[in-house]
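Below is one structure, written out as structure tokens, with a few remarks after it.
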């Protein structure tokens, strides 16, 4: 879902790794030391968005059933998890970095109470800041300084007890906790967005800067020990399952291991069970690099940065129809290699090639057309066409094939006919596009040419090319 939501930022994908871990136990990530490039250090992040699991009572506009099922039990039960996630995020942030804590709940137990606990437990290493000046015109309410605490049944609780621990209460109150870190804490710097502010759901946002390193107090140290114990088994608990260690070409420590869909392991009770093998990323094999060099005639492509994902349950790469190849940045590749045994990566890089039922089976992915344009200016697979030719391929607002015999330009027709089967990179002469040129990908089949664009992207493509939208005709509605 996350990959789909951010696909509009696809040009940044070579620098992105999408992982699947329980956020409470997100592993430490190793990276090369910037100064030497060889020694390892623990990676720290500049910015972390901590959009935690919550009761979701702020979604009542689109989910009115929340009124019927709401109770204080869920928020109270979730708070510990929310604090653990937030503290882990604070640990992973670098000094000078920023952590944004957010929920779609309006319950202060999940919001201001958690923020106060973060500041309290980090002993002031995390500083709550006012981010409203960064967003002039933003309508929001200030965070709450005081709130009422109830137990699971909804009865008001005046002081911490077995049914209401101290983290639920506002700081610096007679019944709750206090410390130097929260003495001057101004929770009004938090932002509450109510449905009346934005015409949508309700949100809570708190922005915190990390001003110094911190060490967890005794209570958190025990939780950290629990984390370390669970880290090695973390990937077994999520949807992908299994040991998070990559066993492919990138996982040099363990080498390549023959394997099937699962590995038999014996647990502490002597019971043999199957442990699912998660996918991993391996360097692109020879068939892919051969296609880039010999079919597309690209000589200066960063082949060492091409990676392929193995299938779930497979330790070795098996290429098949539907296999894809992605390109990652050198820094992302370094992270993949150094953390193959601990980081469960579900998506990495920008998709550049995909395998099809063709004699030359590796086609250029449409999202990487701009990337290939930089290295294919002298390639025989580059086809320069006018924008009116692309209009033929988008006639009626739909993707259509164009027969070679229907290509009006004789030179263009002869060029297409002379090409081998496979994909071609279209350099579209288009005054409406940025720089006057737009790049896309087409399939040269046996007798026709077809634009390789997702149907959902057709409207956007026409806008970029300056092709006028065709009026839609409403279908007649029959009387009932």
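Please treat every number below as a calculation from the coordinates, not as lab data. Bear in mind that the values here come from a model prediction, so they are computed numbers and not experimental data. Don't worry about glycine lacking a Cβ; one is built from the backbone with ideal geometry, like all the others, and counts go over all protein chains shown.
Key figures for this structure:
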| item | result |
| --- | --- |
| Ranked by how many other beta carbons lie within 10 Å on average, peptides 77-84, 432-439 from highest | 77-84, 432-439 |
| Potential extension, residue 457-residue 157 segment - 0.36 nm per residue separation minus Cα distance | 102.5 nm |
| Geometric extent, Cα atoms of the stretch 380-465 - Rg, Dmax (angstrom) | 12.1, 33 |
| Alpha-carbon centroid distance for the pair the stretch 89-111 / the stretch 282-298, whole angstrom | 44 Å |
| Mean separation of Cα contacts under 8 Å, 6 or more apart, over the residue count of the stretch 21-231: relative contact order % | 26 percent |
| Packing rank of 368-375, 319-326, where each peptide gets the mean count of other beta carbons within 10 Å, highest leading | 368-375, 319-326 |
| Estimated translational D of the stretch 21-231 in µm²/s (Stokes, Kirkwood radius over Cα pairs; 4 °C; 1.567 mPa s) | 71 µm²/s |
| Pairwise FRET efficiency - residue 15 versus residue 95, Cβ, R0 = 22 Å, nearest 0.05 | 0.45 |
| Additional length obtainable on full extension of the chain from residue 437 to residue 130, 0.36 nm per residue less Cα span | 106.1 nm |
